Every structure is written in structure tokens, then in C-alpha cells.
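Take a look at the structure set out below.
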Amino acid sequence: MKKAVFILLIILITLPIYGQDIAGEWNGVLKVQGIQLRLVFHIINEEKGYSSTMDSPDQGAKGIHVTSTRYENSILIMEISTLGVHYKGTLDDQNIFIGIFKQAGQSFPLNLSKEKVIKPQEPTEPYSYHSENIKFENMQDKIVLAGTLTLPQKNGNFPVVILISGSGPQNRNEEVFGHKPFLVLADHLTKKGIAVLRFDDRGTAESTGNFKTATSLDFTGDVESAIRYLQTRKEINKNQIGLIGHSEGGIIAPIIASKSKDINFIVLLAGPGIRGDKLLLIQQELIGKASGISDADLQKAKVINKGAFDIVLKSNNTEMLETELTSYIQQAIIDNPESGKPTGISEDDYVKLQVSQLINPWMRYFIKYDPAPILEKIKCPVLAINGEKDLQVPSKVNLEAIEKALEKGGNKKVTTKELANLNHLFQECETGSPSEYAAIEQTFSPIALAKISNWILKQVK
């Protein structure tokens with residue numbers, strides 16, 4: 001497929017440094033095992049000296065307390081004791097800190113500057129449509145969700161879609177690896193005459209609640225609250241409400257559509273079609289292979305991971321699950337001493353870390369969740385698209401499973417499509433590896449955007 005041609009507009013916003021006062025926002029990119037993570041340090045000049053906090057936007061972390069911040073003779077030293085982080089940088093004549101970031105016994109280059117980069121597709125204000133920050137309440141869980149409603153015009157009556165984010169704590173723009181895919185998607189759809197509601201996940205950004213204890217099923221309640229809110233708005237056509245779910249959102253949207261008559265259509269963007277444990281095994285193998293891990297090591301990892309997932313599948317008791325997994329992982333380390341563990345962490349802490357990830361409520365639900373029975377109940381029109389090079393939710397196996405389940409339930413209003421050369425974020429890519437996400441300038445393929453909007457416009461005409 002021929003690639004689209006883009007004019008790349010990179011806007012650099014530079015804040016000057018006055019004298020030796022380093023107060024302000026400092027941005028850097030940490031490269032770890034091929035993955036790029038943005039870090040943002042907010043430094044404040046107080047009477048007693050400097051203090052600061054750190055954000056890791058790509059990991060959904062914000063306001064991490066920096067234990068100590070020292071600056072003298074052009075040298076900046078910051079430490080975060082809770083994370084074992086140490087940073088030391090020297091300010092050069094270009095107002096950039098050239099430094100080293102250390103954590104868990106490993107060192108990585110990290111330069112900090114006051115420059116921000118806006119991705120080429122990212123819309124900027126003033127918008128050509130009406131944009132409104134809103135809040136609505138999940139009455140059952142007693143939390144308030146904050147988001148943005150965009151309308152083609154301030155007055156009128158429009159079809160609407162709710163955007164449902166993928167896994168992990170996401171803000172309303174589904175911001176990840178320097179990209180804001182939901183901002184780009186909302187901008188595109190609103191310009192096509194479709195209203196869009198996108199909101200911060202519970203416990204994230206401006207939304208209240210606890211993200212860490214929630215499962216995909218809990219998130220359905222948040223989306224249902226968004227539907228009820230939209231039904232109070234005179235600008236919304238109550239008979240033309242749709243859901244667009246990306247990745248995990250492709251689990252949540254079908255759950256709601258299977259039991260609600262208020263949903264007119266759903267769009268699944270890289271939505272899972274197979275059970276969670278099976279998806280994770282395929283995902284780990286594909287990403288591992290793209291990262292250069294040998295087939296022999298990948299097979300060993302697959303056997304170990306499958307054993308752990310099987311324990312989770314059979315368990316309904318958290319305490320017993322924790323005990324079983326601890327014994328299992330300890331034995332796996334004994335049986336595979338060459339696999340090693342990260343430096344700077346004890347074996348006990350390493351085992352606890354692995355176990356805590358597996359007994360997390362979200363992970364347990366995801367491992368056990370099979371999309372098929374829910375998909376069989378959906379009667380409204382469905383569009384399911386995946387990128388050909390998606391390594392997180394591989395296209396063929398998942399699209400085939402989605403189509404099969406929908407057809408089994410008698411749904412004849414189904415469109416599935418594998419889009420060539422696109423990754424999990426629907427970017428045009430080389431390999432599909434997550435390590436490429438941040439380096440790609442494109443946020444959302446225009447081909448994918450057109451496929452989504454054209455299909456929705458047919459449903460609401």
C-alpha cells in the first residue's frame with residue numbers, strides 16, 4: 001500500500017533561562033531496551049532551595065515526589081529514594097542538562113531541556129468546532145469522571161461516539177509515547193459531523209476513583225455513566241450513540257453493547273477476540289521475537305508463563321493464588337538459573353513483583369476473560385479493524401475470532417478489516433514493535449481515520 005505523504009510541522013517552544021535559576025519544566029526522553037519514555041521534571045525555586053516532582057506521561061505517572069534536588073556550579077542532582085533513582089546532569093551553553101539517569105544498578109543517558117515537541121497531526125486551538133470540558137458521575141461507584149465533549153457546532157443535534165481507552169491509566173487523549181491518538185481521532189470525527197466524548201480513566205488526571213483496584217468490568221460502569229450523561233444533552237441524537245474501543249476498550253464496548261439498547265453501533269480498534277491468557281502468550285512471543293530474543297528462550301518463557309496463567313485460571317481465592325504463584329515462580333527460577341533477574345533487586349523482591357502483577361484484579365480478570373460469549377449477543381452494527389503489524393493484539397487471529405463469534409450470534413451487520421502496514425496504535429510502521437511507537441512522527445494513519453469515519457457516517461445517515 002502506498003504511504004500517505006505528510007508535511008511534518010514540529011513546533012518547538014523554548015523557555016529561556018534567566019541567570020542560574022533553573023526553575024520550570026524540564027523534558028527528556030529515557031531510552032530503555034529500545035523503548036522511549038518521556039520524563040518531565042517540574043523544578044520549583046523555594047526559600048530553602050530547589051524542590052521538584054517528576055512525571056512519566058507514557059506510564060501514566062504524575063507528580064512523583066523527588067526526594068532531593070540540588071543545583072550548584074551548573075550541576076543538577078536529583079534523587080527519588082522510593083524508586084532508587086539518581087540523576088546527575090551538567091548545564092551546557094545551550095541550556096541543556098547533559099546527564100545520566102540511574103536506577104536498579106543500571107545507567108542511561110538522559111538530557112533535559114525546556115523544549116516541547118508537538119506531533120504533526122496534533123490539533124491546536126482555536127478549533128473549528130465547539131470543545132467543552134465536562135464532568136459526569138458514576139453514581140454506583142461514587143466517582144466523578146472528567147472529560148471533553150466536542151460538537152461539530154455549538155448548537156444542533158448530532159450523532160456521538162464515546163472513546164474507550166486501552167489498558168493502563170489513560171487520560172482523555174489516551175496519551176502514550178508522546179502521542180495523543182484520541183485527540184487526533186476526536187478532531188477528525190468532529191470535523192466530519194460526529195460529536196465525540198472522551199474522558200480520563202478513573203483515578204487518572206482529573207477523574208476521581210481508584211484505578212489500581214478496577215477491572216475491565218468496572219470500567220464498563222464508567223462508560224455507561226457517560227452514556228447517561230450524553231442522554232441529558234440536547235445536542236446529542238439519542239438514537240445515534242456509538243462506542244469506539246481501542247485495545248482493552250475493545251473488550252469494554254462489546255460488554256455494554258451486548259446488554260444495552262441505547263448503543264447504535266460499535267467500533268473495535270485492535271480489540272481482542274481470544275481469551276486473555278492466549279492473547280498474552282502470543283503477544284509475548286511476537287514482541288520477544290521482534291526484540292531479538294532467541295526461539296529457544298521464547299519457548300522456555302512461554303512454558304513458564306503458561307504455567308502461571310493456568311494457576312490463575314483455576315484459582316478463585318487470592319491468598320491461595322498468591323501462595324501457589326510464589327512457589328511456582330521460585331521453582332521456575334531454580335529450574336532456569338541462566339534466565340537471571342534484573343540487577344539491583346533481590347530474588348525475594350523479584351518474585352514478589354512477578355506475583356503482585358499476576359494477582360492484580362485487572363490482570364486476573366483479563367487472563368480469564370473470553371470475548372466470544374459476549375460478542376455472540378451483540379446485534380448492532382460492528383466495525384472491527386486491526387493493523388497488519390500489530391504485535392500486541394495480532395490482527396488475523398483476533399479478527400477471525402471476532403467475526404466468528406458475531407456470525408454465530410446471527411449478527412449480519414459486521415465489517416472486519418486488516419489494515420496493511422499499521423501497528424497497535426494504527427501508525428504506519430516498519431516492524432510493529434512497541435519500541436517504534438515514540439519514534440514514529442505519525443499519531444494515527446489517515447487511512448484508518450477515513451475507514452472509521454466513513455463507516456460511522458453510513459450508520460448514522
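The values are calculated or read from the model by the stated rules, or taken from the named source; none is laboratory data. Note that the coordinates shown come from a computational prediction; the quantities given were computed from them, not determined experimentally. As a convention, Cβ positions derive from the backbone with ideal geometry for all residues, glycine included, and neighbour counts pool all protein chains shown.
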Could you tell me whether segment 414-432 includes any residue that is surrounded by fewer than 21 Cβ atoms within 10 Å (Cβ to Cβ) and under 17 Å from the mean Cα position of the chain (by Cα)? no
Filter segment 102-120 for residues that are touching a Gly at 6+ places or on another chain (Cβ under 8 Å) and not basic (Lys, Arg) and give the result. 103, 104, 105, 106, 109, 110, 111, 112, 113, 117
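Just one of 438, 401 is buried (at least 17 other Cβ atoms within 10 Å of the Cβ), in contact (Cβ under 8 Å) with a residue 40 or more places away in the chain and part of a helix (DSSP H, G or I); which is it? Working first, answer last.
Details: 438 fails: part of a helix (DSSP H, G or I).
The unique qualifying residue is 401.
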In the list 128, 167, which residue meets the criterion of being of a type in the set (Ser, Thr, Tyr) and touching an Asp or Glu at 6+ places or on another chain (Cβ under 7 Å)? 167
Of the residues in segment 171-202, those that are under 26 Å from residue 460 (Cβ atoms) and assigned to a loop (DSSP other than H, G, I, E, B) come to 172, 173, 174, 180, 192, 193, 194
Where residues in segment 354-398 are outside any loop (DSSP other than H, G, I, E, B) and β-branched (Val, Ile, Thr), which of them is surrounded by the most Cβ atoms within 10 Å (Cβ to Cβ)? 382
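Would you call residue 107 out of contact with any Pro (no Cβ under 8 Å at 6 or more places or on another chain) and either part of a strand (DSSP E or B) or not small (Gly, Ala, Ser) (or both)?
Criteria met by residue 107.
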If you scan segment 403-423, which residues turn out to be in contact with a Leu (Cβ under 6 Å, 6 or more places away or on another chain) and either among the hydrophobic types (A, V, I, L, M, F, W, C) or more than 14 Å from residue 268 (Cβ to Cβ) (or both)? 405, 406, 414
Residue 353 vs (1) touching a Cys at 6+ places or on another chain (Cβ under 7 Å); (2) free of Cβ contacts under 8 Å to residues at least 12 places away in the same chain; (3) not β-branched (Val, Ile, Thr): all pass except (1)
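Restricting segment 41-64 to residues that are under 18 Å from the mean Cα position of the chain (by Cα), surrounded by fewer than 17 Cβ atoms within 10 Å (Cβ to Cβ) and not charged (D, E, K, R), which is modelled with the lowest pLDDT?
Let us first name the residues in segment 41-64 that are under 18 Å from the mean Cα position of the chain (by Cα), namely 55-62.
Subsequent filtering for residues that are surrounded by fewer than 17 Cβ atoms within 10 Å (Cβ to Cβ) retains 56, 59, 61-62.
Still in the running and not charged (D, E, K, R): 56, 59, 61.
Numbers: 56: 89, 59: 78, 61: 84.
Here the answer is 59.
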